[in-house]
Amino acid sequence: DQQVKQNSPSLSVQEGRISILNCDYTNSMFDYFLWYKKYPAEGPTFLISISSIKDKNEDGRFTVFLNKSAKHLSLHIVPSQPGDSAVYFCAASGLTGNQFYFGTGTSLTVIP
Amino acid sequence: KAGVTQTPRYLIKTRGQQVTLSCSPISGHRSVSWYQQTPGQGLQFLFEYFSETQRNKGNFPGRFSGRQFSNSRSEMNVSTLELGDSALYLCASRLDRDVKYGYTFGSGTRLTVV
């Protein structure tokens with residue numbers, strides 16, 4: 001049972017424009033939501049997180065939005081750069097973080 | 001500071017054999033988790049260890065097991081390998097309380113079962 005879903009397997013964006021990656025979840029008990037970036041032949045790298053008590057968190061070019069009523073989160077990258085081309089995973093966990101549920105990933109391609 | 005180290009990077013095994021994968025976490029990290037990544041399935045949680053104790057286990061058969069040593073290094077073992085066990089196995093570590101910073105992942109061990 002996939003508790004975290006990323007329905008778009010891939011996304012292409014022009015350099016300098018905004019990239020919006022989406023993620024839906026089913027478990028209203030999740031407390032933390034994280035985004036990871038993964039390059040081929042490397043492990044996922046932590047990007048940004050948000051707790052369930054917030055609706056927005058920013059870190060430089062990256063902003064994560066959380067809509068608890070819709071059980072939806074999104075990652076905005078502005079402006080997009082070619083180096084952002086990677087697979088992005090969203091993940092969710094309860095308060096202890098002992099287990100994270102990952103989505104299936106969205107492959108982002110930023111076109112120069 | 002050294003990252004999470006997984007050995008070996010690549011492994012080819014025959015169906016029915018067993019395999020042991022190794023993970024050295026970041027120094028000071030006591031929580032170690034293992035994930036399986038397969039195409040179309042994303043990352044599936046295997047288990048999580050803290051201070052040599054398994055705190056949580058995912059929905060995998062008993063052929064998948066793990067352990068953690070007193071120096072926080074961890075191993076996972078898969079017995080009676082099946083073709084469907086071919087995957088990238090990722091180990092991750094973190095300081096136990098820093099949930100919002102997530103895990104630091106290793107580069108993984110690519111297991112191919114033939």
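The values are calculated or read from the model by the stated rules, or taken from the named source; none is laboratory data. Model, not experiment: these values are computed from the prediction. FYI the Cβ positions are ideal-geometry reconstructions off the backbone, even for glycines, and counts take in every protein chain you see. Heads up: the accessible areas ignore ligands, DNA and RNA and are worked out on the full protein's heavy atoms, side chains in. Shrake-Rupley method; radii C 1.70, N 1.55, O 1.52, S 1.80 Å.
What is the local net charge at B:ASP85, summed over the other residues whose Cβ is closer than 14 Å to its Cβ (Lys, Arg +1; Asp, Glu -1)?
Residues close to B:ASP85 contribute a combined charge of +3.
Rank B:GLN41, B:GLN17, B:GLN68 by mean-square fluctuation in a GNM of chain B with C-alpha springs under 10 angstrom and give only the top-ranked residue.
B:GLN41
From the backbone phi of the stretch B:18-30, what are the Karplus-calculated ³J(HN,Hα) couplings (6.51 cos²θ - 1.76 cosθ + 1.60, θ = phi - 60°) in whole Hz, Gly and Pro given as x?
Along the stretch B:18-30, the couplings run 10, 9, 10, 10, 10, 9, 10, x, 4, 4, x, 7, 9 Hz.
Could you pull out every residue, at least 5 positions away or on a different chain, whose amide H is within less than 5 Å of the one on A:ILE48? Hs are placed 1.01 Å off N in the peptide plane, and Pro or chain starts have none.
Amide H neighbours of A:ILE48, under 5 Å, 5+ apart: A:TRP35.
Hey, with R₀ at 25 Å, roughly what FRET efficiency would A:HIS72 and A:SER107 work out to, going by the Cβ-Cβ distance, to 0.05?
0.80
Across the protein assembly as shown, how large is the tail of the calculated P(r) beyond 26 Å, expressed as a percent of all Cα pairs?
In whole percent, the long-distance tail amounts to 36.
Which net charge results when you count Lys and Arg as +1 and Asp and Glu as -1 among the other residues whose beta-carbon is under 9 Å from that of A:PRO44?
In short, +1.
I need the GluC sites (Glu not before Pro) found in the stretch A:1-93, filtered to DSSP loop residues with at most 16 other beta carbons within 10 Å of theirs.
For GluC sites (Glu not before Pro) across the stretch A:1-93 that sit outside H, G, I, E and B with at most 16 neighbouring Cβ atoms in 10 Å, the list reads A:GLU15, A:GLU42.
Report, to the nearest whole %, how much of the accessible area of the protein assembly as shown belongs to carbon and sulfur atoms, 1.4 Å probe, protein only.
Summing carbon and sulfur atoms, their accessible area is 48 percent of the total for the protein assembly as shown.
When the dipole is taken about the Cα centre of the protein assembly as shown, and only Lys, Arg (+1) and Asp, Glu (-1) are charged at their Cβ, what size is it in debye, to the nearest 20?
240
Would you pull out the residues with amide H under 5 Å of B:LEU43's amide H, same chain only if 5 or more places away, H placed 1.01 Å from N?
Those lying under 5 Å, H to H, from B:LEU43 are A:PHE102.
Given a 1.4 angstrom probe, what's the average accessible area per residue across the protein assembly as shown, in square angstrom?
Dividing the accessible area of the protein assembly as shown by its residue count gives 47 Å².
Which value, in Å³ per residue, describes the convex hull spanned by the Cα atoms of the stretch A:2-112?
That works out to 95 Å³ per residue.
How much of the calculated P(r) for chain B lies past 16 Å, in percent of all Cα pairs?
So the portion of pairs separated by more than 16 Å is 56 percent.
So if R0 is 41 Å, what FRET efficiency would A:ARG61 and B:THR80 give, r being the distance between their Cβ atoms, rounded to the nearest 0.05?
0.30
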